[in-house]
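**Q** I have a structure I would like to understand better, so I am pasting it below and will then ask my questions one at a time.
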Amino acid sequence: MLKKILIGLVVLVVLVIAAAFALPFFLPVDTIKQELQAQVKQATGRDLVIDGDFEVSLLPEAVLKAGDVRFQNAAGGSRADMMTLKELRVHVALLPLLSREVEVQEFVLDKPDILLEVDKNGRPNWAFGSAGKTGDAGVAAKPSSAGGTNEALQALRLGDVRIVDGRLEYRDARSGAAETVDKLNVTLALPGLDDPFSADGSATWHQQALSLTLGVQKPRALMQGNATDVTVKVSGEPLTLAYGGTLDAGKGSAAGQLDLSVPSVRGLAEWVGSPLQIQGDKVLNALKLSGKVAASPGQAAISGLTLSLDDINATGDLTAKLGANVPTVQGKLAVDALNLNPYLEAFGSTDAPGAGGKAAAPSAASNQWSDEPIDFSALRAVNADLMLAVGSLQAKDIKIGKSQVHAVLQGGKLDLNLSEMALYDGNGKLQLNVDASGKTPTVKSTFSLASLQAEPFLTDAAKLDWLSGTAAMEMSVTTRGNSQKALANALNGSGKMTFLDGAVRGTNLAALLRGLSTLKLDPSSWETSKTDFAELSGTFTIKDGVLTNKDLALLSQLLRVSGQGTVGIGARNIDYTAQPKAVASLQGQGGAADVGGLPVSVHVHGGWNDPQTDYSLGQGDLTELAKDPKALVSSLSNLGAIKDPKALADQLGGSAGGGVLDALKSLGGTASPTGTTGTTGGATGTGTSSPIDSLKQLVPGTSGTTEGTTTGTDSGTPTTEPSSPTDSLKKLFGR
């Protein structure tokens, strides 16, 4: 628009001056006035009306003054006059006039009101056409000739041209755009049409004062529709813009160096009439941009771009195609570090399953997904094909390293491909497709992760700090909906995962099983520690927002864990049961999962924010059994394996040197394959008991008899002493 305004203004000034002085001099004032009006009519096809005083003097210099001047607008224009003037003052050097050369020493437009407009057919009102008719004043208008208007234009020189307190208005009937520049004060200098033209001035636009400078190397080339070098600088509180390069008036194109500095992008947007709906003042502040630009009708490109916005620094190339209803942006950018959090906060965007958008976060009180509609309109507002290389990226608490992103957006359909993604000492790939072209958006995503450190990733991504290890994962999901809740409940897909050399925090299953093997159960020992593993793997399916896993397998030395259950992604709850078993195998990764063991269960259930954990042995609650030794004995006997001491020993992991034998050694006992014996002063007495009785002896108050070791006395009479827990365990396993 600035280019159109400047070109129109220069052409108008030149035409008026040329018409005013391409006439015979030494004529009566009224005749000169009529001839001037006729010449303007001949050159432009429009009327020049002078309603005020009209003065012409030749000595000591040629001076022309005209008051209340009006210049007719194009036919069909929005108002009658294209320009009005309070006063026109022209001082012309006298001697050059004798040789029919126009050397204007001063040209002053006092309080001009200029209208530049484009009609519905795209025709600007500064495109002049010849009327080819006789002027109304009764004086014949002389046609152009070698000695006429064109010759005057060829010899035109402007010494000092000023616009004082002017007003410039621009209207476009096609788009309805309308802009006004007030308090326009400009000084122009044009030694000749083949000499550099300069303009310096100031103006007020949208209540902000701006200073303006313009330079045109060859004005004649510009007027004839050719190319020439130009410089433009606009500076003020909202921005500083500088351009130096070529301008081709015929093609309407430009190419050169562009530099832009904006103290506040938010302030600039508000100034131009398009305020941004964002929260706070942390983002879209200082902007600096520089690069080589190439602009033509409907298209603009910038190469060698360097850009800084807030704390973001980027380089690359961009092209924007603006001719269609929806603009298209193409290019490549390299960004050193990109922290999206301030922008997500400013634009009100939060996590949503499967896609990003503008929506509220789940309520802390309800712990449910939001029903508030997500605004996908941005995906339909622009088309794009962008390659982005990022040194580091942070979104929420998730931290991503060096990554390569290719985003294609067309007609509301987004295809996002992360071909390279460094993530928590591992790497990953992501393919995301969002189709917002219809009434209900759909989302499809596939991603894979390898060598990922699970604990920091899960902590940052989902606030889950109870699982560690080196992870690998593959997942493919689809969903549809206009809100977080709809997207979560419509989620479908499948995947698999593997964790190596890690731990599950919050439950020490090994401690739990050791407690069982020694019958010393302390819930605090297994509820406040962790379970180490060599391998944890499983597959899952997702249907209507519910994730189901049936084959969880945890392998470690002396421990196997299987699990199955569901995770309600839509409902934000969990119902999952894990079954740990102590085993005699020392093999971890690659070890057999199907081995014998005591049937202990760990049940996790409830909401995501406050899940509950229950422990059971057989059908009994293990935490409660630990508080009641009698109930523990009863529960163990009800398992049935107690009837076979060897089988129980196998289940407790003792038959191959695990669990129980270690417990016996810790108690100071020794294993005997034939039973428990005592010494009787050189004689031997043998006592036997059932496994149930042996268990009862471990628990005070559960046995009605007393067994022990018979020893000799000074009198030779054998006596019986109570047996120790070691003796009872030995009897329990018949050793």
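**Q** Considering Cα pairs under 8 angstrom that are at least six residues apart, work out the relative contact order of region 189-247 and quote it in whole percent. Please report the intermediate quantities before stating the final value.
**A** Values: 120 pairs, mean separation 15.8, N = 59.
Once normalised by length, the contact order is 27 percent.
**Q** Quick one: which residues, 5 or more positions from residue 467 or on another chain, have an amide H under 5 Å from its amide H? H modelled 1.01 Å from N in the peptide plane, none for Pro or chain starts.
**A** 505
**Q** Once you've got the Cα coordinates, tell me which of 429/543; 399/496; 463/530; 321/413; 321/396 are over 21 Å apart.
**A** On the way: 429/543 23 Å; 399/496 23 Å; 463/530 18 Å; 321/413 18 Å; 321/396 33 Å.
429/543; 399/496; 321/396, as the Cα separations exceed 21 Å there.
**Q** Right, something else. Write out the trypsin sites (Lys or Arg not before Pro) in region 419-456 meeting two conditions: DSSP loop, and at most 13 other Cβ atoms within 10 Å of their Cβ. Intermediate values should be presented prior to the final figure.
**A** Numbers: sites: 429, 439, 444; in loops: 439.
Loop-located and lightly packed - 439.
**Q** Count charges around residue 244 for me, please; just the other residues with Cβ under 10 Å from its Cβ, Lys/Arg as +1, Asp/Glu as -1. Could you put the intermediate results ahead of the total?
**A** Working: positive: 233; negative: 229, 259.
Neighbourhood net charge equals -1.
**Q** For residue 255 and residue 65 in the same chain, what is the full-extension length gain: residue separation times 0.36 nm, less their Cα-Cα distance, in nm?
**A** Numbers: separation 190, 0.36 × 190 = 68.40 nm, distance 4.08 nm.
Gain on stretching residue 255 to residue 65: 64.3 nm.
**Q** Can I ask one more? Sort the following peptides by mean Cβ neighbour count (other Cβ atoms within 10 Å, averaged over residues), highest first: 392-399, 448-455. Intermediate results must be reported in sequence, preceding the final value.
**A** Values: 392-399: 15.9, 448-455: 18.4.
With the highest mean Cβ count within 10 Å placed first, the list reads 448-455, 392-399.
**Q** Could you work out the local net charge near residue 280, counting Lys and Arg as +1, Asp and Glu as -1, over the other residues with Cβ closer than 13 Å to its Cβ?
**A** Values: positive: 266, 282; negative: 281, 310, 345.
Residues near residue 280 contribute -1 overall.
**Q** Cut-off is 10 Å between beta-carbons; in what order do 539, 531 appear when sorted fewest neighbours first? Before the final figure, lay out the partial values.
**A** On the way: 539 15, 531 24.
Starting with the residue having the fewest Cβ neighbours, the order is 539, 531.
**Q** Using only the Cα atoms of region 368-500, construct the convex hull and provide its projected area averaged over every direction, in square nanometres to one decimal. Let's see the in-between values first.
**A** On the way: hull surface 33.4 nm².
Mean projected area for region 368-500: 8.3 nm², to one decimal.
**Q** Another question, if that's okay. Can you give the extra length, in nm with one decimal, that the chain gains between residue 182 and residue 128 once fully stretched, where that is 0.36 nm per residue apart less the Cα-Cα distance? Walk me through the numbers before you get to the answer.
**A** Details: separation 54, 0.36 × 54 = 19.44 nm, distance 2.51 nm.
So the chain would gain 16.9 nm between residue 182 and residue 128.
**Q** Give, as a single signed number, the net charge of other residues whose beta carbon lies under 12 Å from the beta carbon of residue 569, with Lys and Arg counted +1 and Asp and Glu -1.
**A** +2
None of the figures in this text is laboratory data; all of them are computed from the coordinates on show. Nothing here was measured: the structure is a model prediction, and the numbers come from that model. For neighbour counting, all protein chains shown are included, and Cβ atoms are generated from backbone atoms with ideal geometry for every residue, glycine included.
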